[in-house]
Every structure is written in C-alpha cells, then in structure tokens.
Amino acid sequence: MDAKMQAWLTAGHTTVDNPILLHYRDLGMDNDDLVLYLQVCRLQDQGEPALPATLARVMQVTEKTVVARLKALLQKGLMKINQQAAGGEYYDFTPLAERLVTGQQPKASAKVLSTGEKSRREVMQTLEAEFGRGLSAFEMETVAGWFDQDHFDPNMMLLAIQEAVANNARSLRYIEAILVNWQRDRLQSPQAVRAAKEKRRSLQRSGRRPAGTEHEQAQQGQSKKPRVPAFKFEGF
C-alpha cells in the first residue's frame, strides 16, 4: 500500500455532532471558532494536550489569536477547563452541548461592575506585567471568575494586585483572599480601603490592637479558601 495512503488510514478521524455544525452560529461562534473546536477535539481524542502553540501551528495563526478565542469561548459559557490529575488542562465542551439541548442563548460577556472589556484586559495585562509572564489557561479562568461570578470591581482587583506586589506575594490565591476580605469588611472602593488603613494606623499609634493587616488577613484567607476557579490568556 502506498505510504501516503497508509498514513491517511492510520491518522484516525474526528467526529462532530451535526447539531453543532447546524447551530454553531446560534451559539455566537464563527467559522474560526468552529475550526478551533474541531482541532481541540482532535488533539484531546488522541490523548494529546490542546496547547495553544500546537493549535496555532496547525491553524497557521498566532498563539495570541488562539488564546483570545479560547478565552472568548470560556466567556460565552461554551466550555470550561478541567485540571487533570497528572497536571495540565482539559477543555470540556459539555456546556456547549447543554446550550444546544436547552436552546439557551450565549452568555452576555459583560455584566454588572465587572463588565468592560477594557477593564478586564487591564487586569489581565497588569497581572502578566507583575508576574513577569503570561497567565496560564487555569489562571485566566480564575480571573474570569472574579469578573463573571464574584463580580469584584476591577478597580479593587487592581488595588489588590498592588497590595500583593507590595507584600511580595504574586499569587492569584493571595490576591483573591484580599478581595474576599475587603468584600467581607464592606470596603467597596479604593477610598474605603485607604480610610480603613488609616484607621488601623491610628489604632496602632494609640496602642490599641487593630484587626490584621491585608497581608495577615490574606495569608489566613489563603489557608482557609483553596480556590477552584470557574477561565479561563495573554493579551486579554
């Protein structure tokens, strides 16, 4: 048998449900999103990780483009990211199938305080600048959860990042613990945080014992609340 034909036959095949082919546009996907979905399915069906670099090479686009599209699918609620026991990430498209079955419309990408793509992108870029690297897909999903589930104010996120950097604690879990503590204490603006800090300093100067600093509270919050994030990328 011809070697090329042998390679063709042994390459395997990828199946796709017809409802996806018929209604992907109704889900807010475009043609490139569909191709990306098929490539992710192909790799994962073969037991390979669907790395952005691999997807970019096959689709002949930039890795940044792949990452942006994966993030968009997460934002629309069409997929989720599962952590595998052996490490690494698995893109789960069960939400896409559920959306087709129930006939639900795609999620609006921005809601309440935490909408604005500009604000979202600014938080992502600030984190990447402070961490000195791009965020992983799992970290991206964590930050998306701050916007879409926790509805933290982006200004408070940026302030929490500053607090973490000042305490040399460049960790999403640490930053989230700060945000949760501020939310618990009903500190809803940077001004309120600054006022609370000044009150704490005044108590310290008077010899009275104030509540823990953001650093102490964040460390406690880290031990109490291991975050399992809900999406889910560079340049976002």
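The ranking of S206, S119, S171, S136 from fewest to most other beta carbons within 10 Å of each one's beta carbon is S206, S171, S136, S119. In terms of surrounding Cβ atoms within a 10 Å radius of their Cβ, L127, L22, L51 rank from fewest to most as L22, L51, L127. Counting neighbouring beta carbons within 10 Å and listing from fewest to most, the residues D148, D33 come out as D33, D148.
Every number here is computed from the coordinates shown, using simple stated rules; none is lab data. Values in this document were obtained by computation on a predicted structure and should not be read as measured data. As a convention, Cβ positions derive from the backbone with ideal geometry for all residues, glycine included, and neighbour counts pool all protein chains shown.
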